[in-house]
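S.K.: Questions regarding the structure given below will be posed in turn.
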Amino acid sequence: MKKFITAVLIIYASILFAQQKTIEQRVDSVLTLMTLDEKIGQLNQYSGGWETGVRTDNSVRDREELVRTGKVGSFLNVIGADLTRKIQKIAVEQSRLKIPIIFGLDVIHGFRSTFPVPIAEASSWNPKLVETSTRWQATEAASAGVHWTFAPMVDIARDPRWGRIVEGSGEDPYLGSIMAAAAVKGFQGNDLSANNTIAACAKHFAGYGAAEGGRDYNTADFSERTFHEIYLRPFKAAVDAGVATLMCSFNEIGGVPSSANYELLTKILRDDWKFKGFVVSDWNSIGELIPHGVAKDLKQAAELGIKAGVDMDMESNAYIRNLKTLVEEKKVSVQNIDESVRRILRVKFELGLFDDPYKYCDEKREKETEFSKEIVEATRKVARESIVLLKNEKNILPLSKEIKSVAVIGPLANSHEDPLGPWSGVSDSTHVVTVLDGVKSKLGAAANILYSQGCTITGTSEDGFKSAVESAQKADAVILCLGESLNMSGEASARASLDLPGVQEKLAEEIFKTGKPVVVVLMNGRPLTINWISENIPAVVETWFLGIQSGNAIADVLFGDYNPNGKLPVTFPRSVGQVPIYYNHKNTGRPYNPKDHYTSYYQDLQNTPLYPFGYGLSYSKFEYSNLSLSSSKIKNGEPLKVKVDVKNVSSREGEEVVQLYVQDLVGSVTRPVKELKDFSKVDLKPGETKTVEFTITPDKLKFYDINMNFTVEPGDFKVFVGTNSVDLLESTFSID
Ligand code: GLC
């Protein structure tokens, strides 16, 4: 049997090798036929549809002529089986070398059927769920001619003022890495040439989330150690998961803009990580080397970009207008250009575009796929698991389905647009189930459901308060939907305040005064400083932006058809003055001690987060006990087993995300007070106890030591296991 398996493996490997060799051979065979102009054309990407950035030229773009003359290798923002087929037909029938176009699009959390925003999906702490979500997103997008998505966004964000925190998986590099790999697998599947898989793009490489002040596009500046241990890790996970492309970021890192960063794009990404795919610039990020002040003109920007390792130029015109001259002036080598062309052709081959350029242009499949029953159901399933229960005093939740009357109030109670969240692609708000819709369909005609908007999201008018209070007074319970509009987070959407905008908190105070049971449903793209609500409202549910099935998913949770189990992937501050605030912080030489004045704290604020990283409640109740380690002392390089008992002491079945953190007490450099090293989502029936086991392998303990060697140092460690990053059992071990 063993011999048979070995033989099969050898045959399979040789087929793969032959196939891979075929792709390499085929890439070379095309490359040798290309003129320099045609090579440069492959490096040029334009938006063929709506703009998702500032247009750099006002020239009339004749898409067909650009394709016919080989001046463009890729379009973004062109969708539809019909339109992409039309353009592809020109490429493969009328251009000289018939090289297919690759169509890219921001499928960030859905194509037509919008799924929850990524920070919501990260709140599920379920990588399989993220893989399922991105698999459906790819299926729907690929049916409409999309070959390539500019996702997953894997930027670590420790500053909720930064609007793009909504697009990623939060503040932790371990959780972020797990989610990055899951999304790549979901988008790309097992076969990039299948007609329901699309190339993924890990972005924005790199350090974009460290924008100073949380202001988008702003300077990022951090130590090399922080860069490698925090910001690069999810990108490495995406590369290890086989991501086909990366997108370089707008920001500089310590004086070097990413689009001109050879160390980043070539030494780290290619020499160290062996990345074989291609790098696309962000929108005009090569052109922006001029305002950054490292290029005097577009020609110098083009030279910097191509030499650093940016293969494709999105929308800056730098390459198409300057590379030929740069080659003629011997400032850029043809080899340099060939390498970038090769990388792009390779992905086009891997997508199967040379074999069948129309494989993604199937109008029938497009019609059958978009908003299909399975996909819509999937959006609801993913949405439910993305919800985080922040507070549930006196078990006010779940509400009874026999309730006689409910008031659904607030500016987000019946909004069809906001639940889509930013970057909702080409979705359609008429497909959104609002909270009001969801409550109505949950309770049916039996219940009396009242609705009042109460106020707008950002307005100052309190005129709607009176009717909202009247609705509340007539109801047995109030569902109060508050938060941000979809355009208050996402790109170019930083906020200096993290408070609820407008007069929403005042509305909450008026509703609270009615004395009715109130549940606040939050819809927002970032952590908010909801101190008064957290203090006074008995039940608070964080729903982020959950996509087209928001209302049904929220009603499933509020009325008990789904037991919430989400956990926060980001810290909620009490005040924007605490930012940046994150759980895996350093201890400092004077860690906060309430009994000692000379320690690190704010004198005008409680020195803890409003809600910590990893926090989330359930309708069930879980108790942790019997934390045990396989040994209190191990040799360097040995694994350590960690066990803990988790018991469901409630009468309701539920899921719990058991979290494992480690602290390296003494290192050659300072180490975080704790770091997430593993987690496991377990289902527990009422009264059931499960022993959850983790293995701390050496690679989980590695860090960049004083000499920037990635290594494990002997010494003493703490192990923490629990339900969030604060409520933890702890033990210790040491490494010889
Ligand atoms: C935008 C964004 C990037 C997006 C690209 C194309 O400026 O920064 O995330 O993928 O342009 O739309």
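S.K.: Looking only at the range 410-434, count every residue that is assigned to a helix (DSSP H, G or I), in contact (Cβ under 8 Å) with a residue 60 or more places away in the chain and over 19 Å from Val166 (Cβ atoms) and tell me the total.
M.R.: Counting residues in the range 410-434 that are assigned to a helix (DSSP H, G or I), in contact (Cβ under 8 Å) with a residue 60 or more places away in the chain and over 19 Å from Val166 (Cβ atoms) gives 1.
S.K.: Would you check if Ser550 is buried (at least 24 other Cβ atoms within 10 Å of the Cβ) and over 19 Å from Arg164 (Cα atoms)?
M.R.: yes
S.K.: I'm told Ile387 meets every condition in (1) closer than 28 Å to Arg112 by Cβ; (2) in contact (Cβ under 8 Å) with a residue 12 or more places away in the chain; (3) touching a helix residue (DSSP H, G or I) at 6+ places or on another chain (Cβ under 9 Å); (4) open to solvent by 30 Å² or more (accessible area, probe 1.4 Å) except one. Can you identify the failing condition by its number?
M.R.: (4)
S.K.: Moving on. Only one of (1) open to solvent by 50 Å² or more (accessible area, probe 1.4 Å); (2) out of contact with any helix residue (DSSP H, G or I) (no Cβ under 9 Å at 6 or more places or on another chain) is not met by Asp604, so which one is it?
M.R.: (2) is the only condition that Asp604 fails.
S.K.: Now for a separate question. Anything in the range 187-208 that is closer than 17 Å to Val256 by Cβ, not in a loop (DSSP other than H, G, I, E, B) and not hydrophobic (A, V, I, L, M, F, W, C)? List them, or say none. Before the answer, list the steps.
M.R.: Taking the range 187-208 first, the residues closer than 17 Å to Val256 by Cβ are 204-208.
Checking the rest, the ones that are also not in a loop (DSSP other than H, G, I, E, B) come to 204-205, 208.
If the condition is that a residue be closer than 17 Å to Val256 by Cβ, not in a loop (DSSP other than H, G, I, E, B) and not hydrophobic (A, V, I, L, M, F, W, C), then His204, Tyr208 are the ones that fit.
S.K.: Could I ask something else about it? Residues being away from the ligand (no atom under 16 Å from the Cβ) and not in a loop (DSSP other than H, G, I, E, B): count how many of those fall in the range 110-126.
M.R.: Residues flagged as away from the ligand (no atom under 16 Å from the Cβ) and not in a loop (DSSP other than H, G, I, E, B) within the range 110-126 amount to 3.
S.K.: Going through the range 200-234 one residue at a time, which ones are among the aromatic types (Phe, Trp, Tyr) and away from the ligand (no atom under 14 Å from the Cβ)?
M.R.: Phe222, Phe227, Tyr231
S.K.: Same structure again: Only one of Val327, Val347, Val332 is touching a residue at least 12 places away in the same chain (Cβ under 8 Å), assigned by TED's automatic domain parsing to the domain that holds Ile40, hydrophobic (A, V, I, L, M, F, W, C) and out of contact with any helix residue (DSSP H, G or I) (no Cβ under 8 Å at 6 or more places or on another chain); which?
M.R.: Numbers: Val327 fails: out of contact with any helix residue (DSSP H, G or I) (no Cβ under 8 Å at 6 or more places or on another chain); Val332 fails: out of contact with any helix residue (DSSP H, G or I) (no Cβ under 8 Å at 6 or more places or on another chain).
Checking each option against the conditions leaves just Val347.
S.K.: Scan the range 553-591 residue by residue and report those that are open to solvent by 20 Å² or more (accessible area, probe 1.4 Å), within 26 Å of Ala496 (Cα to Cα) and free of Cβ contacts under 8 Å to residues at least 40 places away in the same chain.
M.R.: Residue satisfying the conditions is Gly577 alone.
S.K.: What is the residue count in the range 194-235 for residues that are open to solvent by 10 Å² or more (accessible area, probe 1.4 Å) and over 24 Å from Phe349 (Cα atoms)?
M.R.: Result for the range 194-235: 20.
S.K.: Oh, and also: Using the structure shown, decide if Gly214 is touching a Phe, Trp or Tyr at 6+ places or on another chain (Cβ under 6 Å), within 21 Å of Pro580 (Cβ to Cβ) and not hydrophobic (A, V, I, L, M, F, W, C).
M.R.: Against the criterion (touching a Phe, Trp or Tyr at 6+ places or on another chain (Cβ under 6 Å), within 21 Å of Pro580 (Cβ to Cβ) and not hydrophobic (A, V, I, L, M, F, W, C)), Gly214 qualifies.
S.K.: Right, next: Condition first: open to solvent by less than 20 Å² (accessible area, probe 1.4 Å) and either touching a Leu at 6+ places or on another chain (Cβ under 6 Å) or among the hydroxyl-bearing types (Ser, Thr, Tyr) (or both). Now tell me which residues in the range 178-193 satisfy that.
M.R.: none
S.K.: Take Thr134 and decide whether it is among the hydroxyl-bearing types (Ser, Thr, Tyr), within 16 Å of the ligand (Cβ to nearest atom) and assigned by TED's automatic domain parsing to the domain that holds Glu315.
M.R.: yes
S.K.: Determine which member of the set Gly614, Gly637 is on the phi > 0 side of the Ramachandran plot, surrounded by 15 or more Cβ atoms within 10 Å (Cβ to Cβ), out of contact with any Asp or Glu (no Cβ under 7 Å at 6 or more places or on another chain) and not in a strand (DSSP E or B).
M.R.: On inspection, the qualifying residue turns out to be Gly614.
S.K.: Still on this structure, I have one more. For Asp716, indicate whether it is farther than 28 Å from Val540 by Cβ, in contact (Cβ under 8 Å) with a residue 12 or more places away in the chain and open to solvent by less than 50 Å² (accessible area, probe 1.4 Å).
M.R.: It is false that Asp716 is farther than 28 Å from Val540 by Cβ, in contact (Cβ under 8 Å) with a residue 12 or more places away in the chain and open to solvent by less than 50 Å² (accessible area, probe 1.4 Å).
S.K.: Report whether or not Ile79 is open to solvent by 40 Å² or more (accessible area, probe 1.4 Å), within 16 Å of the ligand (Cβ to nearest atom) and either in contact with a helix residue (DSSP H, G or I) (Cβ under 9 Å, 6 or more places away or on another chain) or under 20 Å from Phe278 (Cβ atoms) (or both).
M.R.: Yes.
S.K.: Working only within the range 520-552, note down all residues that are part of a helix (DSSP H, G or I), in contact (Cβ under 8 Å) with a residue 40 or more places away in the chain and not small (Gly, Ala, Ser). If you could, list the steps in order and put the result at the bottom.
M.R.: Pass one, the range 520-552, residues part of a helix (DSSP H, G or I): 531-536, 550-552.
Subset that is in contact (Cβ under 8 Å) with a residue 40 or more places away in the chain: 531, 533-534, 550-552.
The answer is Asn531, Ile533, Asn552.
S.K.: Scan the range 464-471 and tell me whether some residue there is in contact with a Gly (Cβ under 6 Å, 6 or more places away or on another chain) and open to solvent by 10 Å² or more (accessible area, probe 1.4 Å).
M.R.: So far as the range 464-471 goes, yes, one or more of its residues are in contact with a Gly (Cβ under 6 Å, 6 or more places away or on another chain) and open to solvent by 10 Å² or more (accessible area, probe 1.4 Å).
S.K.: Does Arg55 qualify as being in contact with a Phe, Trp or Tyr (Cβ under 8 Å, 6 or more places away or on another chain), open to solvent by 10 Å² or more (accessible area, probe 1.4 Å) and not in a strand (DSSP E or B)? Show your work before the answer.
M.R.: On the way: in contact with a Phe, Trp or Tyr (Cβ under 8 Å, 6 or more places away or on another chain): no; open to solvent by 10 Å² or more (accessible area, probe 1.4 Å): yes; not in a strand (DSSP E or B): yes.
No.
S.K.: What residue, among those in the range 271-306 that are of a type in the set (Val, Ile, Thr) and within 16 Å of the ligand (Cβ to nearest atom), is surrounded by the most Cβ atoms within 10 Å (Cβ to Cβ)?
M.R.: Looking at residues that are of a type in the set (Val, Ile, Thr) and within 16 Å of the ligand (Cβ to nearest atom), I get Ile286.
S.K.: Residues to consider are Val166, Val107, Val146; find the one that is buried (at least 24 other Cβ atoms within 10 Å of the Cβ), within 16 Å of the ligand (Cβ to nearest atom), in a helix (DSSP H, G or I) and outside the structural domain of Pro419 (by TED's automatic domain parsing).
M.R.: Being buried (at least 24 other Cβ atoms within 10 Å of the Cβ), within 16 Å of the ligand (Cβ to nearest atom), in a helix (DSSP H, G or I) and outside the structural domain of Pro419 (by TED's automatic domain parsing) holds for just one of Val166, Val107, Val146, which is Val166.
The values are calculated or read from the model by the stated rules, or taken from the named source; none is laboratory data. Since the model is a prediction, treat every value here as computed from it, not as a measurement. We place every Cβ from the backbone using ideal geometry, glycine too, and count neighbours over all the protein chains shown. For the accessible areas, the whole protein counts, side chains as well, though only heavy atoms, and no ligand, DNA or RNA atoms are used. Shrake-Rupley method; radii C 1.70, N 1.55, O 1.52, S 1.80 Å.
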